[in-house]
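Participant: My questions will all concern the structure given below.
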Amino acid sequence: MPTHQDLPVILHNDKRGLLTIEDGKLDVLQLSKDGRPPKRLLTCSLRNFLRARLASAAYEGQRRRLDLFALIQKGHELRLSTMRVLIEPTDVPEAEEWIQTAMQAAYGQTKPFRRALVLVNPVGGKGKAKSLVREHVLPILEAAGTVVELTETTHKLHAEEIARDMDLSYDVIVTCSGDGLVYEVINGLAARKDARKALKVPIAPIPTGSANAICINLFGVKDTFNIPLATLNIIKGQPLPIDLCSVLLLPSRERRYSFISQALGLMVDLDIGTEHVRWMGDTRFVYGFLRGVITNKNFKCRVKMKVIESDKVEMARKARAEARQIMQSTEGKALGGGQGSLIEGMRTLEVNGAASNGDGLIAEGGPSTADGNDRSDDTPDEGPLPEVKELQPDDSWVTIESGTKKAVVKKRRGSKASTDEAAVPGAWQDGEGILYVYAGLRPWVARDLMQWPVAMNGDGAVDIVIQSITPRGTMVSAITGAEKGEAYWMECQHYYKASAFIAENLDKKGQPLVAIDGEPFPFDSFHVEVHSGLATVLSLDGHFFISDFLRKQNIHE
Ligand SMILES: Nc1ncnc2c1ncn2[C@@H]1O[C@H](COP(=O)(O)OP(=O)(O)OP(=O)(O)O)[C@@H](O)[C@H]1O
């Protein structure tokens, strides 16, 4: 085991220097001859350190060049920085040991030099993916020594075809686009004969699309479009099993896997009806929302849900307790180096019942499923996904059907928790009209809309919001605070956690579409089930971003 933490070097200005690794940081120091303290030329956290590379000598006795690559924090920005120093021939063995120490400290159990399949959608978002990848992603991957195979998608569903047919030798599949490409990759992997194995290859998204909901949920609102951070995730991220919903569309019997949402009513218009204003970036969703609220159209449907929980107070309490637990188990655990690397934490951290092995695939036993229909002890761990069957609701399911009334809007923001369904604040009142039904797996759907603030990865539930028709003013004012999840407490926003649900169209002519992860499909009826931990993404800190909503202690905050 190498032990050298310090390495003497010659700096660019021919002065003596020292490379040191301490307290989770790598420092480049310039030494003085007169006993003054050393001057710090560069400092970076080991999490952001990418690689140290010793050049070979052209002739015996030549000083050797040592290249150091790191992401340096400048204000809020992460920038790639390269530093070159020289090593005296007599110090070369020490340098070789130091490189091992530095790489071990910076990567822990994570395998450096990953093999990445990089898919670039040239038309996603504002259409700048190619230049963003060339200028900001590839240089960082090259500096880290990532082995890159790059493919540009040429048509819709191209990424799905690639994922369906690719060999599984890659450590990571990188999608440079929005959520659409992630959705295609998941569906391509899910369609394979070895789907269970394929879905364990982690996906790392690079945000060059419009909404990039997956990046908001991984990196938070401030860092949604932080491309260097998302690139670091390709290099050092840990596999995080994520929940999916299977959606069986009827009568076509087409099956899709959804990792973000299933939208009906106003939210269909928001996802699909704003395609023509893609140039607006993610603000197009606010535009779509306002446009939909103005029409305030009653959406006619029947929803049958296998409800796990419907008490908002209780759901918030549980989600906050779980968030606290996640924060405590990963607190102070920086990637690599320092005291207690994240990797150490990951080794002991149970992710949905399946321990991560630190890199690559999930440990033996695989991810758990909460779907109730595809988990049997003899289900092959690496084989295809079972056929999705139509659901058979029983008396315990909750049925909601659109009426014609507007919801009564009171000023009060909820009351004490209660087990009496009718007394729970926000409980559905028969006869209410429906503006939209929106089911999702993670809190954010866009930076300005945290639609499911208590959605928790691995809880076996899809969170379903049924928004009643309300006076327009109420909905417009709901936009304020929507990014913080405040609309959750509105009484006219009914909120359920369900392990399965069925949606039926009661006006096929007037409202022909459902949006699954933003993609339109004919809506007659569809059946949804939750599958915990079925697909995999990479995450720098081993979990999804924890919102301020979940960090709050007081109910109704
Ligand atoms: N070369 C191409 N030409 C046309 N469409 C393409 C091409 N490559 C991919 N696509 C399609 O582009 C669509 C949009 O991609 P994606 O959803 O990732 O970006 P976005 O809509 O800008 O972002 P978001 O989904 O986060 O809002 C996808 O449906 C994808 O199939």
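Participant: First check a/c for the range 6-107, with a ≥ b ≥ c the square roots of the eigenvalues of its C-alpha gyration tensor; if it is under 1.5, answer rounded, and if not, answer prolate when a/b is larger than b/c or oblate otherwise. Present the calculation step by step, with values, prior to reporting the outcome.
Facilitator: Working: a/c = 1.72, a/b = 1.27, b/c = 1.36.
Note, shape of the range 6-107 comes out oblate.
Participant: Sequence-distant or interchain residues sharing an amide H contact under 5 Å with residue 307, placed H: which?
Facilitator: Residues meeting the amide H criterion: 398.
Participant: Using r as the Cβ-Cβ distance of residue 309 and residue 76, and R0 as 25 Å, what FRET efficiency do you calculate, to the nearest 0.05?
Facilitator: Efficiency, from the Cβ-Cβ distance: 0.10.
Participant: Still on this structure, please answer the following. If each residue's Cβ is checked for other Cβ atoms within 10 Å, how do 193, 33 rank with the fewest at the top?
Facilitator: Final ranking by Cβ density, sparse to dense: 33, 193.
Participant: Mind listing the long-range amide H neighbours of residue 118? Cut-off is under 5 Å, sequence gap 5 or more, other chains count too, H placed in the peptide plane at 1.01 Å from N.
Facilitator: Correct list: 149, 150, 151, 174.
Participant: Another question about this same structure. Given axes a ≥ b ≥ c from the Cα gyration tensor, I'd like to know whether the range 432-557 is rounded (a/c under 1.5), prolate (a/b larger than b/c) or oblate.
Facilitator: oblate
Participant: Which lysines does residue 33 reach when only Cα atoms under 17 Å apart count, and residues fewer than 8 places away in its own chain are ignored?
Facilitator: Excluding near neighbours in sequence, the set is 15.
Participant: Quick one: of 126/193; 197/389; 389/484; 39/128, which pairs are farther than 29 Å apart, Cα to Cα?
Facilitator: Checking Cα-Cα distances, 126/193; 389/484; 39/128 exceed 29 Å.
Participant: Could I have the simple spin-label model distance between residue 92 and residue 387, label points 7 Å from Cα toward Cβ, reported in nm to one decimal?
Facilitator: 6.6 nm
Participant: Let me ask something additional. Just to check I understand the Karplus step: with θ = phi - 60° and J = 6.51 cos²θ - 1.76 cosθ + 1.60, what whole-Hz values come out for the range 492-503, glycine and proline as x?
Facilitator: Per residue, the Karplus-derived 3J(HN,Hα) values read 7, 9, 7, 10, 10, 9, 9, 8, 7, 7, 10, 10 Hz.
Participant: Please label the shape of the range 169-255 as rounded, prolate or oblate, based on the square roots a ≥ b ≥ c of the eigenvalues of the alpha-carbon gyration tensor (a/c under 1.5 means rounded; beyond that, a/b larger than b/c means prolate, else oblate). All intermediate terms of the calculation are to be shown ahead of the outcome.
Facilitator: On the way: a/c = 2.41, a/b = 1.49, b/c = 1.62.
Note, shape of the range 169-255 comes out oblate.
Participant: Next up: Tell me, what HN-Hα J-couplings in whole Hz come from the Karplus equation 6.51 cos²θ - 1.76 cosθ + 1.60 at θ = phi - 60° for each residue of the range 431-436, using x for Gly and Pro?
Facilitator: Per-residue couplings from phi come out as x, 5, x, 10, 8, 7 Hz.
Participant: To continue, here is another question. Between residue 161 and residue 479, what length in nm is gained on full extension when 0.36 nm per residue of separation is reduced by their alpha carbon distance? Spell out each step's value before the answer.
Facilitator: Details: separation 318, 0.36 × 318 = 114.48 nm, distance 3.82 nm.
Working it through step by step, the gained length comes to 110.7 nm.
Participant: Counting only residues 5 or more places away or on other chains, whose amide H sits under 5 Å from the amide H of residue 242 once H atoms are built in the peptide plane?
Facilitator: 533, 534, 535, 536, 537
Participant: In the neighborhood of residue 223, defined by Cβ-to-Cβ distances under 13 Å, what is the net charge if each Lys or Arg adds +1 and each Asp or Glu adds -1? Mind showing how you got there, number by number?
Facilitator: On the way: positive: 222, 447; negative: 77, 541.
The answer is 0.
Participant: Tell me the volume per residue, in Å³, of the convex hull enclosing the alpha carbons of the range 4-64.
Facilitator: On the way: hull volume 7.0 nm³, N = 61.
Spread over its residues, the Cα hull of the range 4-64 gives 115 Å³ apiece.
Participant: Please compute the contact order of the range 6-107 in relative form: average sequence separation of alpha-carbon pairs under 8 Å and at least six residues apart, divided by the residue count, as a percent.
Facilitator: The normalised contact order for the range 6-107 reaches 24 percent.
Participant: Within 10 Å of each residue's Cβ, count the other Cβ atoms and sort 175, 474 from fewest upward. Intermediate results must be reported in sequence, preceding the final value.
Facilitator: Details: 175 31, 474 18.
If I rank by nearby Cβ atoms, fewest first, I get 474, 175.
Bear in mind these aren't lab numbers, they're just calculated from the coordinates by the rules spelled out. Predicted model only: the values in this text are computed from it and were never measured. We place every Cβ from the backbone using ideal geometry, glycine too, and count neighbours over all the protein chains shown.
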